[in-house]
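Only one structure is covered here, and it is reproduced in the block below.
The values are calculated or read from the model by the stated rules, or taken from the named source; none is laboratory data. Keep in mind that what you see is a predicted model, and the values were worked out from it rather than measured. Cβ sites come from the backbone with ideal geometry, for glycine too, and all protein chains shown count toward neighbours. SASA here: full protein model, heavy atoms, side chains in, ligands and nucleic acids out. Shrake-Rupley method; radii C 1.70, N 1.55, O 1.52, S 1.80 Å.
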Amino acid sequence: MRLRKTNLDDLPQLKALWALGFGDTEQEIEAFFAISYPTATGFCAEEDGRLIAAAYALPQELAWGERTAKAAYLYAVATDERWRGQGVCRTLLAFAEKELKKRGTDCLM
């Protein structure tokens, strides 16, 4: 299994995985990828060139008083049903957390 950030070449597989995982309409899926995906960081797990899991980190900033924190809201985490129950998502989320921390993210939600 290979873990990595997603790229534009992955869009067809990401959209197909989204449809399987959440059952959203094509219009709803297209809206996410047009509006939110460009500013998100996508992460995926792949096996033999096929995406088997994905998650998206939407950038956020938390503020309380004078303090702020760079945060990431983990969204639309999905695993292909054939790979569920095997720890794929747990491994993917650990990878995403490590990569986001390298980029200065203070916390995940």
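Some observations on this one:
- For the stretch 4-18, filtering for residues that are under 12 Å from Ala54 (Cα atoms) and either in a helix (DSSP H, G or I) or open to solvent by less than 50 Å² (accessible area, probe 1.4 Å) (or both) leaves 10.
- For Phe95, the criteria (1) exposed (fewer than 12 other Cβ atoms within 10 Å of the Cβ); (2) closer than 27 Å to Asp24 by Cβ hold in every case but one, which is (1).
- Consider the stretch 19-39 and keep the residues that are surrounded by fewer than 15 Cβ atoms within 10 Å (Cβ to Cβ) and in a loop (DSSP other than H, G, I, E, B). The one that is modelled with the lowest pLDDT is Gly23.
- Restricting the stretch 53-85 to residues that are surrounded by 13 or more Cβ atoms within 10 Å (Cβ to Cβ) and more than 12 Å from the chain's Cα centre (by Cα) leaves a set whose member that is nearest to Gln13 (Cα to Cα) is Asp80.
- Filtered residue count, the stretch 86-97, keeping only those that are under 11 Å from the mean Cα position of the chain (by Cα) and among the aliphatic types (A, V, I, L, M): 3
- For Thr105, the stated conditions do not hold, so it cannot be described as over 21 Å from Tyr37 (Cβ atoms) and either touching a Leu at 6+ places or on another chain (Cβ under 9 Å) or open to solvent by less than 70 Å² (accessible area, probe 1.4 Å) (or both).
- Pairs are defined by a Cβ separation below 8 Å, a sequence spacing of at least 6 or placement on different chains, a first member in the stretch 61-79 that is in contact (Cβ under 8 Å) with a residue 40 or more places away in the chain, and a second member that is open to solvent by 100 Å² or more (accessible area, probe 1.4 Å); the pairs so defined are Ala78/Leu20.
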